[in-house]
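Enquirer: Before we start, here is the structure in question, set down as structure tokens.
The values are calculated or read from the model by the stated rules, or taken from the named source; none is laboratory data. For clarity, every value in this text was computed on a predicted model and none was experimentally measured. We place every Cβ from the backbone using ideal geometry, glycine too, and count neighbours over all the protein chains shown. Note: areas computed on protein heavy atoms with side chains; ligands, DNA, RNA excluded. Shrake-Rupley method; radii C 1.70, N 1.55, O 1.52, S 1.80 Å.
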Amino acid sequence: MSSEYRVIVVGCGGPGSAALYWAARATGGRAGAVLGLEAGRAGGPDRSLVLGRTQALDVHAALAPAALDTWHDVERVSGQQLVAGTGELVVADPGTRSDATDVLDGYRSVAARNGTVLEELDARAVHARWPQIRLADGGRAIHHRDAGVLDARRAAAVHLALARGQGAVYREDTPVRAIRPAGDHVEVVTDDAVHRAEQVVVTPDALAAELLAEFGRPLPLVTRHEQVTRYATADLLDHSPGPFPVVRWHGAEDLVAYPVHGAIATTLDQELDGAPSFEADALHRKHREEFLAEHLPRFGGPELSSTPGATTLAPDGHLVVDTVPEAPAVHVAVGTGNAGAYASLLGRVLAEFATAGRSRYPVDAFTLDRPALLDADFERRFGF
């Protein structure tokens, strides 16, 4: 069986579901013009994500306003609230991190270059404003009031509903076995069909990397691991968006604490220094418990879940969002799990590649033709 489409989106997670909606909208809502294919169940991960301009990389800070505007556009046409205002507090613990001053200086520099206003706070000022948070003596923090938190799964569900309303079709449990440029179209092969499209968007990291390798473009990707733990806090009011900000903590451990949002639980995202293992999990759990007892004593509660995760990135810490030079009708996104709060904007960029040939947004830092992906000796860097 075969069928023909204007655009096929492979992978209907965060950016994929967004690309499906934005492509369907760009094609005028014509029924059957856009198809989405998902190997499992469509939708984003069940987690919260922070959206703000307090960033370690200039390109992410520069895109943050456009990302927020894009979410507001989706909220307007859907009638659903997706972003909850929280503010973001960035803490570098001088007692456990020798480069704490450098870390905060890095955030300040990125903020200054991108016109982001930050508020400087010492430990006493932090505790006075947020009694739930305790910094060590001599600790300092910076606060960005306009940050927010996003429910990734809800956002993907909204994108998929809007895409259907624009005439798009998507199929779950339909893994893609091959993607083949063939003359003036692209063939997308599944177990029961060969679909033909004028343009194809590919968002699953593994499939995009496999496709690029076939074109002689192996990606030197780096895997970063994390543990996402949810707690049934008994203190819902003081840990809801508004009373409690997103807290990005740089110390002996790098952690992000999220308020109650989506699930009725607080969430702690801990960056790991290697792949999870039984021994490492026990140590990381001990560190999380010690951290909460010292700095966020009412944040925790019975542990509801603790899930390992992994994201892939280029050695420069950026994503890959580009048109494949050897196949101009194929557009890929790799590493977007690390920028899930930008999912709607990234999907919009991919849809613009597929329907307009270029994007209005500044995504040159994400191209395939950059030193981090071409130079075997490129030095890996993820921070300042």
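Enquirer: Of His239, His225, which residue is modelled with pLDDT of 95 or more and closer than 30 Å to Asp99 by Cβ? Steps first, answer last, please.
Expert: Details: His225 fails: modelled with pLDDT of 95 or more.
Going through His239, His225 in turn, the sole match is His239.
Enquirer: Something else: Specify the residue that is most open to solvent (accessible area, probe 1.4 Å); the eligible residues are those in the stretch 208-254 that are free of Cβ contacts under 8 Å to residues at least 60 places away in the same chain and hydrophobic (A, V, I, L, M, F, W, C).
Expert: Top of the filtered list is Leu237.
Enquirer: Another question, if that's okay. Quick check: anything in the stretch 27-40 of a type in the set (S, T, N, Q), part of a loop (DSSP other than H, G, I, E, B), farther than 21 Å from His261 by Cα and open to solvent by less than 30 Å² (accessible area, probe 1.4 Å)?
Expert: Yes: one or more hits.
Enquirer: Going through Glu326, Glu289, Glu279 one at a time, which residue ends up being over 16 Å from Thr229 (Cβ atoms) and at pLDDT 90 or above? Spell out the reasoning first.
Expert: Details: Glu289 fails: over 16 Å from Thr229 (Cβ atoms); Glu279 fails: at pLDDT 90 or above.
One residue alone meets the criteria, Glu326.
Enquirer: While we're looking at this one, here's another question. Could you go through the stretch 86-93 and let me know if any residue there is at pLDDT 90 or above, open to solvent by 70 Å² or more (accessible area, probe 1.4 Å) and not in a strand (DSSP E or B).
Expert: Within the stretch 86-93 (the criterion being at pLDDT 90 or above, open to solvent by 70 Å² or more (accessible area, probe 1.4 Å) and not in a strand (DSSP E or B)), the answer is no, since none of the residues qualifies.
Enquirer: Looking at the structure I just gave you, is Thr203 open to solvent by 40 Å² or more (accessible area, probe 1.4 Å), in contact (Cβ under 8 Å) with a residue 24 or more places away in the chain and within 30 Å of Ala376 (Cβ to Cβ)? Break it down into steps so the answer makes sense when it comes.
Expert: Numbers: open to solvent by 40 Å² or more (accessible area, probe 1.4 Å): no; in contact (Cβ under 8 Å) with a residue 24 or more places away in the chain: yes; within 30 Å of Ala376 (Cβ to Cβ): yes.
The answer is no for Thr203.
Enquirer: Next question. Could you check how many residues of the stretch 355-373 are polar (S, T, N, Q), within 17 Å of Trp22 (Cβ to Cβ) and outside any helix (DSSP H, G or I)? Full working, then the answer.
Expert: From the stretch 355-373, those polar (S, T, N, Q) are 355, 359, 367; that's our starting set.
Narrowing further to those that are within 17 Å of Trp22 (Cβ to Cβ): 355, 359.
Restricting the remaining residues to those that are outside any helix (DSSP H, G or I) gives 359.
The qualifying residues number 1.
Enquirer: May I ask you to list the residues in the stretch 337-360 that are of a type outside the set (Gly, Ala, Ser), open to solvent by 20 Å² or more (accessible area, probe 1.4 Å) and under 27 Å from Arg224 (Cα atoms)?
Expert: Listed by number, the residues that qualify are Asn338, Arg348.
Enquirer: Something else about it: Looking at the stretch 299-354, which of its residues are of a type in the set (A, V, I, L, M), within 19 Å of Thr27 (Cα to Cα) and assigned to a strand (DSSP E or B)?
Expert: Of all residues in the stretch 299-354, those of a type in the set (A, V, I, L, M) come to 304, 310, 313-314, 319-321, 324, 327, 329-330, 332-334, 339, 341, 343, 345-346, 349-351, 354.
Next cut, within 19 Å of Thr27 (Cα to Cα) only: 329-330, 345-346, 349-351, 354.
Residues satisfying the conditions are Ala329, Val330.
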